[in-house]
Structure formats: structure tokens, C-alpha cells
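Chemist: Before we start, here is the structure in question, set down as C-alpha cells.
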Amino acid sequence: MTSNTTSANLETKVMRLRYAGEEAFVAESASGHAIVTSFSHDQMSAPSPMELLLIALGGCTGADVISILEKKRQRVTAYEIEVRGTRRDEHPRIYTEIEVIHRVRGDQIDERAVARAIELSETKYCSVSAMLAATAKITARYEISSDDGESSD
């Protein structure tokens, strides 16, 4: 679990996975964190590797969007991301379409700020999005609701 930088400024991340039995692996990241992933089709004990891809996309874009909104002084009181992936039938069963739904709640949230934050994440900052976009059509939409119960989507 090391992270190396080569002379060309290319970073290599090394992750280690250990078979834990019962169709599951324990993965340890370069940063020292552990996560379990399952590949059982009968009884899932943890997220599958393909589910982890969607979780990674949500986490990556979510980190970008909330950071940008905070820099734009938006008063976000709740933020939720839903990621939906459609896989093809034939193997390898890659995602062909992914939809990311951003649900932002707060006080006087500027719709333009939300749209711009999502655009910047998609086009500039989110490495996971850039990687998955090579094989899947990724679309995003947002829903904004105010703390007083009004919404605009």
C-alpha cells in the first residue's frame, strides 16, 4: 500500500486485496483504510466491485460540488447524491449509462451556482467521472429544495 511518484509526475497507487472467504475480499487502500467487497451472486455481504464504482463516482463528484458551493458561499444544509447505473447484458458487463442526481437543500440556494459546480466537477475535477465517461454516457441533473419546503428541479 504505497503511493509512488515517477519522474514524469505520474502517480501510481497500490492497493492490496486479501481473499476473506465466503466470496469476499478485504481491500486496503494506499491511505491505510480497509473496505470489504463481495462478489457473491446469492447473498451479498458487502458492495460489489461494480457498486463501488458508482459509489466512487458519487463521492468524487459530491466532494467537488459541495466544495465549490461552499466557496460560492451557498448555505447548503443537506446534500444527497443518487447514482444510477445501467449495465449491458453481455460480458464484460460494463456500465453503458450512468445518471447522477444531486439533491441540494438550503437557504436561498442559487440554481446557477449548483449547475456550474456540477459542470466543473464533470469537466474539470472529478477523475472518476472522466474515467467512466470513456465507456459510459454520464448524465447529471439536480434538484434544489429550500429549508422552508419549496423546491425547484
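The values are calculated or read from the model by the stated rules, or taken from the named source; none is laboratory data. No experiment lies behind these values; they were computed from the predicted model shown. Quick reminder, even Gly has a Cβ in these numbers, built from the backbone with ideal geometry, and neighbours come from all protein chains shown.
Chemist: Working carefully through the options Ile66, Ile109, Ile144, find the one that is surrounded by 14 or more Cβ atoms within 10 Å (Cβ to Cβ), out of contact with any His (no Cβ under 6 Å at 6 or more places or on another chain) and either part of a loop (DSSP other than H, G, I, E, B) or assigned by TED's automatic domain parsing to the domain that holds Ala20 (or both).
Modeler: Among Ile66, Ile109, Ile144, only Ile109 is surrounded by 14 or more Cβ atoms within 10 Å (Cβ to Cβ), out of contact with any His (no Cβ under 6 Å at 6 or more places or on another chain) and either part of a loop (DSSP other than H, G, I, E, B) or assigned by TED's automatic domain parsing to the domain that holds Ala20 (or both).
Chemist: For segment 7-29, what are the residues that are under 24 Å from Ser45 (Cα atoms) and charged (D, E, K, R)?
Modeler: Arg16, Arg18, Glu22, Glu23, Glu28
Chemist: Residue check: is Ala130 closer than 21 Å to Leu52 by Cα, of a type outside the set (S, T, N, Q) and not in a strand (DSSP E or B)?
Modeler: Criteria met by Ala130.
Chemist: All but one of (1) surrounded by 16 or more Cβ atoms within 10 Å (Cβ to Cβ); (2) in a loop (DSSP other than H, G, I, E, B) hold for His102; which doesn't?
Modeler: (2)
Chemist: Are there any pairs with C-beta distances below 8 angstrom linking a residue in segment 77-92 that is in the same structural domain as Cys60 (by TED's automatic domain parsing) to a residue that is hydroxyl-bearing (Ser, Thr, Tyr) and not in a strand (DSSP E or B), with the two at least 6 apart or on different chains, and if so which?
Modeler: Listed by first residue and then by second, the contacts come to Ile81/Thr61.
Chemist: Pull up segment 115-135, narrow it to residues that are in contact (Cβ under 8 Å) with a residue 24 or more places away in the chain and farther than 13 Å from Ala63 by Cα, then point me to the one that is surrounded by the fewest Cβ atoms within 10 Å (Cβ to Cβ).
Modeler: That would be Thr135.
Chemist: Based on what the data block shows, is Ala56 part of a helix (DSSP H, G or I), surrounded by fewer than 18 Cβ atoms within 10 Å (Cβ to Cβ), touching a residue at least 24 places away in the same chain (Cβ under 8 Å) and in the same structural domain as His102 (by TED's automatic domain parsing)?
Modeler: Taking the combined requirement at face value, the residue satisfies it.
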